[in-house]
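Engineer: Structure incoming, see below.
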Amino acid sequence: QVQLVESGGGLVQPGESLRLSCAASGFSFSIYNMGWYRQAQGKQRELVAAITKSGVTNAADSVKGRFFVSRDNAMNMVYLQMNSLKPEDTAVYYCNANLGPRNFWGKGTLVTVSS
């Protein structure tokens, strides 16, 4: 059974940091491209950052230089380090695993940035 379980969300003040984690199970994690998406209230889900099976990363322009994605294939984990958080980063953050037509999602973790 495929599972992606996100953790690490919460309420933080602007300028602070958070690290999100995603624990994967039930599939061959190391051959999947992994990504973090977010969906703010009333908006469409958008890609935040992604990392290929070989470790190549990319990030949305809105988070470049602040958010960093990484993975640990030995532990079947993917992380999103979020620095200098802004109120506009408030959203539910989702972990995604993709391999061609196979696409898996976690249930999400809420990040709220507010003073």
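Engineer: Once you list every other residue whose beta carbon is under 12 Å from the beta carbon of residue 86, what net charge do they have if Lys and Arg are +1 and Asp and Glu are -1? Please list the in-between numbers first.
Structural biologist: Details: positive: 66; negative: 16, 88, 89.
Taking every other residue near residue 86 into account, the sum is -2.
Engineer: Residue 53: which aspartates and glutamates have alpha carbons under 16 Å from its alpha carbon, excluding same-chain residues fewer than 8 sequence positions away?
Structural biologist: Within the straight-line limit of under 16 Å, residue 53 reaches these aspartates and glutamates: 72.
Engineer: In whole Hz, with x marking every Gly and Pro, tabulate ³J(HN,Hα) for region 51-62 from phi via Karplus 6.51 cos²θ - 1.76 cosθ + 1.60, θ = phi - 60°.
Structural biologist: Coupling constants for region 51-62: 9, 6, 4, 9, x, 6, 10, 8, 9, 5, 4, 5 Hz.
Engineer: A further question on this structure: In whole percent, and with a 1.4 Å probe on the protein chains, what portion of the accessible area of region 1-105 is carbon and sulfur?
Structural biologist: Details: 2710 of 5650 Å².
Answer for region 1-105: carbon and sulfur cover 48 percent of the accessible area.
Engineer: Here's a follow-up. Any of 64/86; 43/86; 86/107 with alpha carbons more than 19 Å apart? Name them for me. All intermediate terms of the calculation are to be shown ahead of the outcome.
Structural biologist: Details: 64/86 13 Å; 43/86 17 Å; 86/107 23 Å.
As for pairs spanning more than 19 Å Cα to Cα, those are 86/107.
Engineer: Counting only heavy atoms of the protein chains, get the accessible area per residue of region 10-115 (1.4 Å probe) and round it to a whole Å² value. It would help to have the intermediate numbers written out before the result.
Structural biologist: Working: 5660 Å² over 106 residues.
Per-residue accessible area for region 10-115 comes out at 53 Å².
Engineer: Taking amide H positions as placed in the peptide plane 1.01 Å from N, state which residues far from residue 33 in sequence (5 or more) or on other chains have amide H under 5 Å from it.
Structural biologist: Answer set, sorted by chain and number: 53, 98.
Engineer: A further question on this structure: Under 8 Å for C-alpha pairs, at least 6 residues apart: give me the relative contact order for the chain, rounded to a whole percent. Before the final figure, lay out each step's value.
Structural biologist: Numbers: 280 pairs, mean separation 41.0, N = 115.
Relative contact order here is 36 percent.
Engineer: Peptides 59-66, 84-91: what's the order by average Cβ count within 10 Å, highest mean first?
Structural biologist: On the way: 59-66: 13.8, 84-91: 16.2.
With the highest mean Cβ count within 10 Å placed first, the list reads 84-91, 59-66.
The values are calculated or read from the model by the stated rules, or taken from the named source; none is laboratory data. Being a predicted model, the structure only gives us computed values, none of them experimental. Please note: Cβ atoms are built from the backbone with ideal geometry, for glycine as well, and neighbour counts cover all protein chains shown. Accessible surface areas use protein heavy atoms only, side chains included; no ligands, DNA or RNA. Shrake-Rupley method; radii C 1.70, N 1.55, O 1.52, S 1.80 Å.
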